[in-house]
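Undergrad: One structure, pasted below without further comment.
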Amino acid sequence: MSLIVLGTMAYDAIETPFGKTEKIVGGSATYVAYAASNFIKPVQQISIVGNDFDPTIIDDLNRRGVMTDGVERVPDKPSFFWSGRYHMDMNTRDTLVTDLNVLADFNPQVPDSYQGAEFLMLGNLMPKLQQQVIEQLKTRPKLIVLDTMNFWMEIAMDDLKQVLTMVDVLLVNDSEARQLSGEYSLVKAAKKVMEMGPKFLIIKKGEHGALLFHGNHVFFAPALPLEDVFDPTGAGDTFAGGFMGHLAKTGDISFNNMKTAIIVGSAMASFCVEKFGPERLQEITKKEIDERIQQFVNLVQFDIDLV
Ligand code: AMP
């Protein structure tokens, strides 16, 4: 099994009530690749970077089984740059800067060596580019998952609605689900979104976990209560990487296996927030991942005697 990941590889500057960073490595595809490569190899990356992108990050990803033949390097422009400030609850944030830079002329090309992949993760990016990658694949992957954000809903809603008709799973947070559907109730929002194309919808609720909708079924996965959250940036993409990584590893795309995949995604996201940027993801071990997943099992497992 192999997994294609499309998305940004970027620099971010992050402010939280507890600290601030200068430019650090980020990007939707960077986080997805770091998380997914713990479960599946190869991860086949499609992205674009500028002349400022640290080559040791590419080397590190390659060592983890991430192919970067589909990552274009532009010699005379800087990488995509995003800056955000988190509110006190660390669940909500304001975007301060979005500099497209190299992204403005991105024309993603699927290398021949990536054809035949069974799984496709369309990370947060212009909807038109997400569609372009689907259309270049000679065989439709077994599962196409799409992540997006309010930014694209505001400037490219029609393109987003078009690509939604082509995917199996949509991943958004609660406010994005509301924005996309025009419904406040997440149950009503889910019904409307599933009529737009995706048969599965995952709504991420930050520290309040994630919901998986499919037909009339709903499954809930909690987030691990953590003493300190340093930086939630990339948690959604890391979740996506864990989710996709588990599905690609097992090759099973049933609703039941997606429930497990959501727990795996939540466990990976819980690591991401423990340090700034992808730093924590660069150091975790298989043993730590297994222990963290077990903590999730313990968190929600209970016996009940009905009286
Ligand atoms: P997340 O916290 O999971 O929503 O993802 C944060 C990452 O998404 C950051 O590392 C940013 O570089 C990247 N990002 C922010 N805005 C955009 C955007 N409009 N399109 C693509 N990637 C973005």
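The values are calculated or read from the model by the stated rules, or taken from the named source; none is laboratory data. Computed from a prediction, not measured in an experiment: that's the story for all the values here. We place every Cβ from the backbone using ideal geometry, glycine too, and count neighbours over all the protein chains shown.
Undergrad: Looking at (1) outside any helix (DSSP H, G or I); (2) modelled with pLDDT of 95 or more; (3) not charged (D, E, K, R), which is the only condition Ala223 fails?
TA: (2)
Undergrad: Checking the condition outside any helix (DSSP H, G or I) and within 30 Å of Ala13 (Cα to Cα), which residue from Glu274, Glu288 passes?
TA: Glu274
Undergrad: Does Ala189 satisfy the condition of being within 16 Å of the ligand (Cβ to nearest atom), in contact (Cβ under 8 Å) with a residue 12 or more places away in the chain and buried (at least 23 other Cβ atoms within 10 Å of the Cβ)? Working first, answer last.
TA: Numbers: within 16 Å of the ligand (Cβ to nearest atom): no; in contact (Cβ under 8 Å) with a residue 12 or more places away in the chain: yes; buried (at least 23 other Cβ atoms within 10 Å of the Cβ): yes.
When the stated conditions are applied, Ala189 does not pass them.
Undergrad: Only one of (1) over 18 Å from the mean Cα position of the chain (by Cα); (2) within 14 Å of Ala10 (Cβ to Cβ) fails for Val71. Which number is that?
TA: Every condition holds for Val71 apart from (1).
Undergrad: Let me ask something else. What's the number of the condition Phe230 fails, among (1) within 14 Å of the ligand (Cβ to nearest atom); (2) surrounded by fewer than 17 Cβ atoms within 10 Å (Cβ to Cβ)?
TA: Looking at each condition in turn, Phe230 falls short on (2).
Undergrad: Name, by its number, the condition in (1) away from the ligand (no atom under 16 Å from the Cβ); (2) assigned to a helix (DSSP H, G or I) that does not hold for Pro198.
TA: (2) is the only condition that Pro198 fails.
Undergrad: Looking at the stretch 258-287, which of its residues are loosely packed, with under 14 Cβ neighbours inside 10 Å and without any contact (Cβ under 8 Å) to a residue 40 or more places away in the chain?
TA: Those that are loosely packed, with under 14 Cβ neighbours inside 10 Å and without any contact (Cβ under 8 Å) to a residue 40 or more places away in the chain: Glu283, Thr285, Lys287.
Undergrad: Same structure, new question: Suppose we filter Leu247, Leu201 for residues that are farther than 30 Å from Glu22 by Cα, in contact (Cβ under 8 Å) with a residue 60 or more places away in the chain and buried (at least 23 other Cβ atoms within 10 Å of the Cβ); which single one remains?
TA: When all the criteria are applied, what remains is Leu247.
Undergrad: Still on this model: Can you name the residue in the stretch 141-163 that is in contact with a helix residue (DSSP H, G or I) (Cβ under 8 Å, 6 or more places away or on another chain) and more than 15 Å from the ligand (Cβ to nearest atom) and, of all such residues, is nearest to Asp99 (Cα to Cα)?
TA: In this case the residue turns out to be Gln162.
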